[in-house]
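Notes for the one structure printed next.
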Amino acid sequence: MIPWRTYLKRTLLITALSVGATYAATDAPAIPSSTESSQETVAAISRQMEVFGRDLEQLRLFMGVAKVSDLDIGIRSAIPRDVYFQALTLWQKTDRLKFEIMRAHTPPPPAPVGDIAMQDLLPTLQQAHRLLRQAMDELRMADETEAAPTPLATDLFTAILNLNRQLDSMLERHFAPSDVYIEVTLAIGYAARLLARYPDTIRIPAEPAFEPNKQPSDVYRRLIACLQSITRIFQALELPVLTIDTSRTDMAHLTPNDVFVVASLIVSQLDFLHKRLDIAKPPPQSAYPGLKFPAHTYQRAGILQAQLEQLECHAAFHCPTTPERARHESAAAPTR
Amino acid sequence: MNPLLRRRAERKLQQRPLGRQLLLSHLSVAAVGLGILCIALISTFELRARVHLLANEGVPLMQASSQVLAGVQHSLSSLRGWVSLNDQKFLNDWQAAWREDIQPALALLNQECRQVLEQACDLQRLHHLETLLADLQESQWWVQDIAHTPGNDPARVVYLLDVEPSADKLNSVIAALLQEETGQDGGSERKILLARLAELQNAFATMRLLLREILGNNGLNYEDQFHQCLEQTAAIAAQLAVSPLLTTEQARLLNLLRVELRAFAQFAQEVIRIRRSPNWNIAMRTLAQETDPLANQVIALASALATDSRIRLEREAEAASAASSMTVGNLMVLIFTMLAVAYILSKQRAESLARPLTVLSKATRRLTDGRLHEDIPVESSDEIGELTRSFNTMRASMQQAHAELREANILLEQRVGERTAQLATTNDSLTLEIAEHQQTEKALRDSEARLLAMTKAIPDLVFVVDEDGRYCEILAARRDQIAIGPLRGKFLNQVHPPEMAEFFLDIIRRALATQRIQIAEYELATPSGLRWFESRTAPLEVQFDAKSAAIVVARDITQRKQSEAQLRQAQKMQAIGQLTGGIAHDFNNLLAIIMGNLELLHEQLTAQPRLHQLTQQALKAVDRGANLSRRLLAFARRQPLLAQPTDLNQRVLGMLDLLRRTLGATIQIDTILAADLEQTLIDPDQFENALLNLVINARNAMPQGGRLTLETANVRLDAGYAAHEEVQPGSYVMLAVSDTGTGMTPEVLERVFEPFFTTKETGKGSGLGLSMVYGLVKQSGGHITIYSEPGQGTTVRLYLPPTSSAATPAAEPPPVADSAIQGQGETILVVEDDADVRLFAVNALHGMGYEVQQAGDAETAIRLLETMPRIDLLFTDIVLPGEMDGVRLAAEAQRRYPGLRVLFTSGYTEHALIGSGQIAEGVDVLAKPYRKVELGKKLRMLLGGAKSGMDDPGPPPSSLI
């Protein structure tokens, strides 16, 4: 027999999430392939990426950086918010590249108001391209950009991912474990805000023990587990979500840049939930943590994992005793 | 109750055994008590329920609220500690506060409110508290997480990520510019360009340092300096950019530098902007703006919960108190009732039991008085009836025994009377005998006491030895001297070494043969060391065991012997002193003549370098002779001393550096200086000289290194000590110099103060060091001892008389340069009995530009003073022929002409002027032999003082007009 308090709690949760889910479902930002304007938007984005990719290739050759092979990190998504966050990462890296060449930063693009749609990508991509051009101008490279080709029906998400990888290889200061650490800490802030809706949860569980000798692939696995947890939450709430298939991922060639992509995707999902549930208080801004190794990020991701398990438990309505659920996989199973 | 019924009841009761009666009585009292206990239990049940409610429900609530309150405060203080001090302990405390205080307390609150006191608890408020605590924990977690990351200080992050790379690039560009310029050939213009580049490099390095300083807590103080430096760097870069000397590569680099410098300036502005903002430290900002307000809300809410719990607890306590009062009242009433019932029942039973016993008691008294001649009637068949029957039987037996006893007593009294008469007769005769015996014993004890007192009073050893050398009687013996156990019956050779035993036996036999007293002195080994004895051996007329014997009285004369030895040593030292003093005096006069003439010769032979050098060497030899003479005078206690109240501690501490250098690294110096050391009156310069001498001796005794200890103390030498040493009893200031060196043998120790005595090789030591110390201490009224043992070390102790005057540093006269000894035509009266010395002085004074008058004795000098219009200074020998010596001459001259300057000279200072060997105030002395320069300096010093005195309104001291 369910205690009346638990019953009441579940009722409230169902009500809260149903409102959000209904809202999300009605405005689900899937690729608007059926409408003409959406097709135009996708086409414009594709053109912009093509131009960006061409300029980047020109710059790569100028800088003498090796070509980076594409890597499948196991994420499949066509959801605007996921693509947007990858575009935002592209902008960050372009800005860092520009800084390394011109010693000047650029203010970040304004955040989209309301739900993220495909059209929000274009300004971000355009601004990233402007930064790239400024860097090329600084290096006195001729503008060889040709006229925009025919729109490409390509997977935007994967294309941006690969651009990101190439761009990262051209940076003097690559995206490092400390950048992943910042992103994971931001995700913990989001998760804590979400858990604050449930009184019996532990918003920030105890940090797992530090385990040395971790590689980017270890962090990747733990973050993928987090992402899988998030997909289950979204599925429970009947919200559209990306898919994960790591069967073809070459773990040996994963870099912190690839791990950062996964971390930024987690942030994008949690940010979406945060907005959906109308949580007023924003998560704390995470700060530069100094030198961090993959082992530190792995440890921090343990907190996130424990938080997401609690969230998943509440979303799936099968929480026996919450404190016991506030555990990361390190506590439940031996370290791989 | 009807008396008839009552009596029947009593009789019925008396028919029962006594044990049953008592059992019934107790059971009835117990029944009443049990009833009261039941009532009390029922009364306390309500009270117990109240207290249970109080303990189980109210107290945990209040405790949990208080624990939340304390935990939150603890977590706040720990977090602040972590943020401020970066100490892991505070972080652990913070975690413990949540884990051990707040969370268990919150769980308890939940449990109590939701399960036990659901109706009483304010669930809404509790839920609010839970939410607030969760918010607080989350907020604190973020603070602790960020507190010690670089990102907590955004300005520092900008510095690390933006400024540093830019600065590195600028540095590399400047270095390339410098390298390019170094490779260029050119003249001064290129050197100027190189210098400008170096200036640019320096200005940029300074700017970078200033920006790093700005990151600190008070970094904004450097902002203006940074801007100035930035402008300076930019200005130099701009000037360099227009230089026509730049090569193409330099122009390119300079352009690059200006672009990067602009970026650097932008980043620096960003750093300063963030640093200026009040939120430059994220952890502190979060603490102030978020965590603290949350904590205040939690504390307010937890306080409210605690207050509610307390009010509820007080209410329950009041109810419990009322129930308790009622229970106590009920119990009091019941107890009084029980007491009354128990009293009545017990009284009835006691009376029924006591009545037959009272009859028995009365019968016993009558039996004792002999008035009971009949049996007591038996009224009951219980234990008391049995007791009555037994009593009757006992009464009959006792009456019969009493009659038999009376008859035996009469017979016994007759026999005792007869025996008593016999004993009285015997006793009288014994009493007489005892009285006689006691008188004899008393006479014997008196005699023994007198003899014992007499022998105790004798300080000497008194014993009887027979002609075979056997101790027959020991009449008086000091056990501290001959601790060899009982002597009676032993032979001399069993007690003493063979040669001493033979010596003693020879004396005894001589006394017996000559029948005269034999006197002998000898040294004997005793437990307190070797001691001297004087013995008187007299023959006895009585024999011991049929053998002739002699009585020996031996007296300890060790002290007398020591005094004689000290007297001899003192006389020897005095004789040596007089001898050396006399020699030194004459020697000084001779040296004065030689030195004076040599100096004049030396001055005149400047044109002949060879001869000039020879006179220079001769003058050095005279200086050595004068130095030797001064040390001899020091030993002879005839050196002039400028005694002042002196703090020995201060002097010792002031010399420590010098002593360390003197002793070298292998010898450690320890100081044990008394904190309250008194002042002593001594010439401080001579004291330092003496201390240096002692330390040098110590160093020579420790060639392999060791430890030197300098100790000062206030000590008191008593009369007992003074009797053995040449010193007055009283208080002294002591300085001890101890070393761990080779030490000295007693033979060396005996001669150690003698002048020219040395254990060093010839030419290595003068043998005057300790002599000088000895002379200085004696001349200063003190005392010196040396304790030394070969292989152990040496301790020299100086005892100096204390003074109550405060130590005042001696006013140093202004130094007079060698070139400033020329006179200004002042008139000097020279009084000297030795014509050669006088001649030197007169010539020297003339040479220095003085007018000179001379006299060979005091009378001539007085006449000259009367006749001469102006004498500025009297320069006189202390020792003059005739009745008036130099001191009296000076006194007479100053009496007549107050303020007249006087300069004495002497070969030594054994004179009334110096009294105890110390120079009187206001008098100056020039010791012989003296150099012309020394004489000139003394005169300038005295006459210079006179001139300064001319400023006074009084008459000029040197004026004789």
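Throughout, read-outs are computed from the coordinates displayed, never taken from laboratory work. Just so we're clear, the structure is a prediction, and the values are computed from it rather than from any experiment. Glycine also receives a Cβ, built like all others from the backbone with ideal geometry; neighbour counts cover every protein chain displayed.
Once you mark the GluC sites (Glu not before Pro) that are in a DSSP loop and have at most 15 other Cβ atoms within 10 Å, what is the longest gap between them in chain B?
Working: sites that count: B:Glu118, B:Glu374, B:Glu379, B:Glu541, B:Glu725, B:Glu726, B:Glu761, B:Glu883, B:Glu921.
Answer - B:119-373.
Cα atoms only, the stretch A:188-256: Rg and Dmax in Å?
Over the stretch A:188-256's Cα set, Rg and Dmax evaluate to 15.0, 42 Å.
Considering only DSSP beta bridges with both partners in the protein assembly as shown, what is the antiparallel share in %, to the nearest 5? Each step should come with its number before you reach the end.
On the way: 59 of 84 bridges.
Antiparallel bridges: around 70 percent, rounded to the nearest 5.
Quick one: order B:Val359, A:Val180, A:Val113 by neighbouring beta-carbon count within 10 Å, fewest to most. Intermediate results must be reported in sequence, preceding the final value.
Working: B:Val359 16, A:Val180 30, A:Val113 7.
Going from least to most buried by this count: A:Val113, B:Val359, A:Val180.
Which entries in the list A:Lys281/B:Lys169; B:Lys456/B:Lys561; A:Lys93/A:Lys214; A:Lys292/B:Lys89 go over 31 Å, if you measure between the two C-alpha atoms of each?
Numbers: A:Lys281/B:Lys169 42 Å; B:Lys456/B:Lys561 24 Å; A:Lys93/A:Lys214 25 Å; A:Lys292/B:Lys89 23 Å.
From the list (A:Lys281/B:Lys169; B:Lys456/B:Lys561; A:Lys93/A:Lys214; A:Lys292/B:Lys89), the Cα-Cα distance tops 31 Å for A:Lys281/B:Lys169.
Chain B: longest stretch without exposed trypsin sites (Lys or Arg not before Pro) (DSSP loop, at most 16 other Cβ within 10 Å), sites themselves excluded? If you can, show how the numbers build up before the last one.
Details: sites that count: B:Arg371, B:Arg478, B:Arg479, B:Arg488, B:Lys490, B:Arg516, B:Arg751, B:Lys760, B:Lys764, B:Arg870.
Maximal segment without exposed cleavage sites: B:1-370.
Suppose only helical runs count, i.e. DSSP H with n ≥ 4. What mean residue ellipticity at 222 nm does that imply for chain B under -39500 (n - 2.57) per run, divided by all residues and rounded to the nearest 500 deg cm²/dmol? Write out the running numbers ahead of the final one.
On the way: 27 runs with 578 residues, N = 961.
It lands at -21000 deg cm²/dmol.
Grab the other residues whose beta carbon is less than 13 angstrom from that of B:Cys472, score K and R as +1, D and E as -1, and report the net.
Numbers: positive: B:Arg470, B:Arg488, B:Lys490, B:Lys547; negative: B:Asp466, B:Glu467, B:Asp468, B:Glu473, B:Asp545.
Net charge in that neighbourhood comes out at -1.
Taking a spot 7 Å from the Cα of B:Met500 along the direction of its beta carbon, which residues of the stretch B:533-549 have an amide N less than 19 Å from it?
Those under the cut-off are B:533-537.
Work out how far the C-alpha atoms of the protein assembly as shown reach from end to end along every principal axis, then list the three figures in whole Å, largest first.
Over the protein assembly as shown, Cα extents along the principal axes are 162, 161, 73 Å.
Over all alpha-carbon pairs of the stretch B:154-280, lay out the pair-distance distribution in 5 Å bins, whole %, shortest bin first.
Values per bin, smallest distances first: 2, 11, 22, 22, 16, 11, 8, 5, 3, 1, 0.
Tell me the label-point distance for the pair B:Glu314, B:Gln604, using the 7 Å Cα-to-Cβ offset, in nm and rounded to one decimal.
Roughly 12.0 nm, to one decimal.
Can you run the Rg to Rh ratio on the stretch B:641-803? Use alpha carbon positions and the Kirkwood inverse-distance Rh. Provide the component values of the computation, followed by the final result.
Values: Rg = 15.2 Å, Rh = 16.1 Å.
Expressed as Rg/Rh, it is 0.94.
Antiparallel versus total DSSP beta bridges in chain B: what percent is that, nearest 5? Kindly include the intermediate steps, with their values, before the conclusion.
Details: 57 of 82 bridges.
Once the DSSP bridges in chain B are tallied, antiparallel ones form about 70 percent.
Just for the Cα atoms in the stretch B:454-556, what are the lengths along the principal axes, largest first, rounded to whole Å?
35, 31, 23
How compact is chain B by the rule of thumb for globular proteins, expressed as Cα Rg over 2.2 N^0.38 Å? Numbers along the way, then the final one.
Details: Rg = 58.6 Å, N = 961, 2.2 N^0.38 = 29.9 Å.
Ratio of Rg to 2.2 N^0.38 Å for chain B: 1.96.
So what's the convex hull volume per residue for the Cα atoms of the stretch B:403-471, in Å³? Write out the running numbers ahead of the final one.
Values: hull volume 14.2 nm³, N = 69.
Measuring per residue, one finds 206 Å³ for the Cα hull of the stretch B:403-471.
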